[in-house]
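One structure is given below, encoded as structure tokens.
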């Protein structure tokens, strides 16, 4: 895959942002905040970092894998997949409509290229990513696995079981990202269940942590 310049990535991000807003506005339903918040990161992955194939094969051998644990950010993922050539851009207009493959939370039964698991039940994506990463090691496949989670999702116990497991078993072909926007469906995370020092928690579980303070700055990402 040919690397793109910062300017090119920013142009793609602008288009993806427009897609997300149009999709959510058209049906008056969806989660635009998280989609816009993670836009630059996901665009950078798909258009500059990940080795992936739009000629989709479920097993994903010989390519990097991506799992969206916080499935409510589906508008962003659908736009990036379409703009990456997995399916036609015109299908974005069916988002969250009856009989559409682009449901509010990604699901495999719809047969949408790029989707490997049904997601949206928060807390499960990291466990799936760990399994995929270990499978790659067993297959002597040197590609990486990427997982995105929400910060409210960090209140789920399964996340920490998975984090502990990954560190113990040295699953070092896995990169997990957290959208730290400090908001969740029930309000600010500080009021629902305060995450306090999230970096310290992950480091205590044996993970190397990198902060991206300006997550919407493509150069920083």
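The values are calculated or read from the model by the stated rules, or taken from the named source; none is laboratory data. Quantities reported herein were computed from a predicted structural model and do not represent experimental measurements. Positions of Cβ are backbone-derived with ideal geometry, glycine not excepted, and every protein chain shown enters the neighbour counts.
How about the range 205-221: which of its residues are under 17 Å from residue 162 (Cβ atoms) and either surrounded by 12 or more Cβ atoms within 10 Å (Cβ to Cβ) or touching a helix residue (DSSP H, G or I) at 6+ places or on another chain (Cβ under 6 Å) (or both)?
Our first condition is that a residue be under 17 Å from residue 162 (Cβ atoms); within the range 205-221, this holds for 205-209.
Within the range 205-221, 205, 206, 207, 209 qualify.
Determine whether residue 47 is surrounded by 17 or more Cβ atoms within 10 Å (Cβ to Cβ), in contact with a helix residue (DSSP H, G or I) (Cβ under 9 Å, 6 or more places away or on another chain) and in a helix (DSSP H, G or I). Reasoning before the result, please.
Working: surrounded by 17 or more Cβ atoms within 10 Å (Cβ to Cβ): yes; in contact with a helix residue (DSSP H, G or I) (Cβ under 9 Å, 6 or more places away or on another chain): yes; in a helix (DSSP H, G or I): yes.
The answer is yes for residue 47.
Can you tell me which residue within the range 202-218, out of those that are in contact (Cβ under 8 Å) with a residue 24 or more places away in the chain and over 19 Å from the mean Cα position of the chain (by Cα), is farthest from residue 3 (Cα to Cα)?
Among residues in the range 202-218 that are in contact (Cβ under 8 Å) with a residue 24 or more places away in the chain and over 19 Å from the mean Cα position of the chain (by Cα), the one farthest from residue 3 (Cα to Cα) is 205.
Taking residue 122 and the conditions (1) at pLDDT 95 or above; (2) closer than 19 Å to residue 174 by Cα; (3) under 18 Å from the mean Cα position of the chain (by Cα), which numbered condition does it fall short on, given that it satisfies the others?
(1)
Within the range 1-44, restricting attention to residues that are without any contact (Cβ under 8 Å) to a residue 60 or more places away in the chain and not in a helix (DSSP H, G or I), which residue is nearest to residue 66 (Cα to Cα)?
Checking each candidate, the answer is 1.
Only residues that are exposed (fewer than 12 other Cβ atoms within 10 Å of the Cβ) and under 18 Å from residue 132 (Cβ atoms): list them for the range 167-188, please.
Listed by number, the residues that qualify are 168, 170.
Could you check the range 71-180 for helices (runs of 4 or more DSSP H) lying wholly inside it with 2 or more residues that are in contact with a helix residue (DSSP H, G or I) (Cβ under 7 Å, 6 or more places away or on another chain) and free of Cβ contacts under 8 Å to residues at least 24 places away in the same chain?
Of the helices (runs of 4 or more DSSP H) lying wholly inside the range 71-180, none has at least 2 residues that are in contact with a helix residue (DSSP H, G or I) (Cβ under 7 Å, 6 or more places away or on another chain) and free of Cβ contacts under 8 Å to residues at least 24 places away in the same chain.
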